[in-house]
Every structure is written in structure tokens, then in C-alpha cells.
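To start, the structure itself, in C-alpha cells.
Bear in mind these aren't lab numbers, they're just calculated from the coordinates by the rules spelled out. Just so it is clear, the model here is predicted, and its values are computed rather than measured. Here the Cβ positions follow ideal geometry from the backbone for every residue, glycine too, while neighbour counts run over all protein chains shown.
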Amino acid sequence: MASWQADGWCQQPVMARGAEFGDGLFETLRINAQGEIPLWSLHRQRLAEGLVKLNLPIDSLSIIDRAINQLLSTQLMTVVAPQHTYGWQVKLLVERAANVTSQMPVRGYAYHTDQAVVLSVVIRPAPGFLPVEQGMTVGVSPVVLSQQPLLAGIKHLNRLEQVLARQQFAEDWQECLMLNPQGDVIEGCMSNLYILENQQLITPLLDQAGVEGVARRWLFEQAESLGLSITQGVIDLARVRQADGVLYSNTLNGFSWVERLEKEHFSLSSCEKTQRVCATIQTAFIQTLCGTLCKTS
């Protein structure tokens, strides 16, 4: 892990409130083999929303911009994680500095507005993309997502619901459906979710819970050029089971599709239709991130 201090990256950690209170945000960036972050504008957009919601210092975004620019222009990544076919996976942590860093320290949950933002990165080789030929098996998580509109959409550091959900996966699950207290489907454990109905993609509303993923944002921008229609709506479990197909997305894996929901297989025609839609999206997504240099693994 490297931390940003005095306009430069170093290996010395900085005291911050992330571990104490989950007071911060994170982004998982995919940096391609050319040292570019093609989806940076979308990551930056979500960060800006999170900074406002958590009342982090007003200059935080400009600090993040400087830190990312320097990260891309130095040899830090190749030192920590040598060159890899698919580039690098960088987890960017954005936390509020610990209370002791304030000129007028306070105790507990309280903080002063002069407590600066603390940035850290964890760098690893990026994984390959999921092959679109293979559908996933998913299940319904017993972990119910809490509703908090003040935090909905952003990628804050408190991921305990996802930690609990991941431990409940059956052996053959690759993902799950996570529901809210009303029984509506919100997202997967690690991904955003879409259902296919009558040639249209519908993705859950995320105004009360869930993370508005960067791949999801990208798809809303690109859908028309891909010949697709996408909208948001309320999706209960029965609607998922009756859909023509189910897809998932996240920044690292891209887009994938579901062959089986628990013990129920989607029909062969549904799977073929969903796979074709997924292949169209995944091909464009990989080209956006890597050009022609990356292929599905």
C-alpha cells in the first residue's frame, strides 16, 4: 500500500478514520497496459458525489486528481505489481484524516472540517475478463440490504453487508441477488444487476440502497450506440424469475450473464438471447478499456 503525502506517494501509512468508522470512499480502478484509466471520468463523477455526501473537504477532488496523475506518470505501479497482460487493478481509498490530525482534536464520531483527505492505493495485476460463452449460477442472498438514502449510490467504506453476503454463497454460486426489506432486488454482492424484458434492459433503482457502479454508468452512456434500450425500475424476485434473462456488471469483470438462478435454469432460447446481448456489451466494454490488446480470458 502507498499513501499520498505532501504531493507525493510514499510507503508510510497515514492515520485516517476509515478503519475506525468507515469514514471514506473507495474506487476500484482498472488501468490498462498503456497506463490509462479509460473510465476515470465516471469514477471521478462518483467520487465527487461521495465527497459531497460525506462532507469531505472541498479541495479533495483536486487532490485526488493530482495524486492519480502522478500515479500514472511514475513507476510506482510497475514496482509494486510488475507489468501484466491486462494492466493493473488499483484500489483507491479516500478517507478523512484521523481526529488527532486536527488543530482542535475532538473525540469519537465528531470531526472538524479542517481534517484533510487521506489517499491510499493498493496495486495488483488486473484479472482477465470473464468469457461470455459461460453463464453463471447465482442465488438469492439471505442478507438483506439496509436502506439509507444519504449513502445510496456511493461506494463508501462500510461493506459489511457484502462481507456477510459473500460468506453465505453456496459452492456453485458466482454471484447473488441482494434484496431490500421490501423484497425488491437491488444488486449483486459485487455487481450491478439487469434483467432483460422484451429487448429492453431494466436495472434496479438505487435511490435508497446499493452502489451505482461505473460499468453501469458506462452502459447508460453507450446503450443507444449499441442498439440497446435501458431504464431503471422496481424489480421484485418474481420479475427476475420471469425475465428473458439476467446480467451483471462490474469494472473488473465487465458484463456477465446468468444461466441458472438457484436450481432453476433459464430456457435455452433465453440463454442464447441473453448471451448475445452480453457479448455485444462485453465486446464494446473491453474495447473501451483496452482497445484490441485485451481479449476475454
Identify which of GLU171, GLU36, GLU187 has the largest mean-square fluctuation in a Gaussian network model of the chain, with springs joining Cα atoms closer than 10 Å. GLU171
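Cross-chain or 8 or more residues apart, Cα under 21 Å: how many lysine pairs in the chain fit that? Count them up, please. Mind dumping the intermediate values first?
Numbers: LYS53/LYS91; LYS53/LYS155; LYS91/LYS155; LYS263/LYS273.
So the count of such lysine pairs works out to 4.
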In the chain, what % of DSSP beta bridges are antiparallel (nearest 5)? 75
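Relative contact order of the chain, please, whole-number percent, based on alpha carbon pairs below 8 angstrom and at least 6 residues apart. Provide the component values of the computation, followed by the final result.
On the way: 581 pairs, mean separation 58.5, N = 297.
Computed over the chain, the figure is 20 percent.
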Residue list for segment 25-39, given a label point 7 angstrom along the Cα-to-Cβ vector of ARG159 and an amide N cut-off under 16 Å: 25-31
How large is the helix-only mean residue ellipticity at 222 nm for the chain, computed as the sum of -39500 (n - 2.57) over DSSP H runs with n ≥ 4, divided by its residue count, in deg cm²/dmol to the nearest 500? -8500 deg cm²/dmol
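With +1 on each Lys and Arg Cβ and -1 on each Asp and Glu Cβ, and nothing else charged, work out how big the dipole of segment 96-162 is about its Cα centre, in Debye to the nearest 20.
Value, rounded to 20: 180 debye.
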Go ahead and run the numbers for FRET between GLU171 and MET104, Cβ-Cβ distance against an R0 of 51 Å, rounding to 0.05. 0.45
Quick one: if you stick a label point 7 Å off each Cα along the C-beta vector at GLU221 and CYS10, how many nm between them? 3.5
Return the single residue from GLY188, GLY227, GLY24 with maximal mean-square fluctuation; model: Gaussian network over the chain, springs between Cα atoms under 10 Å. GLY227
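Hey, fewest Cβ within 10 Å first, where do VAL118, VAL163, VAL258 land in order? Kindly include the intermediate steps, with their values, before the conclusion.
Numbers: VAL118 24, VAL163 11, VAL258 27.
Placing the least packed residue first, the sequence is VAL163, VAL118, VAL258.
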Pick out the long, greasy-scoring helices in the chain: whole DSSP H runs spanning 15 Å or more along their own axis by Cα, mean Kyte-Doolittle at least 1.0. none
For ALA19 paired with LYS263, estimate the spin-label separation in nm (one decimal), with each label point 7 Å from Cα along the Cα-to-Cβ line. 4.6
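Place the peptides 229-241, 134-146 in order of packing, highest mean first, counting for every residue the other Cβ atoms within 10 Å and averaging per peptide. Intermediate results must be reported in sequence, preceding the final value.
Details: 229-241: 14.2, 134-146: 17.6.
Result, highest mean first: 134-146, 229-241.
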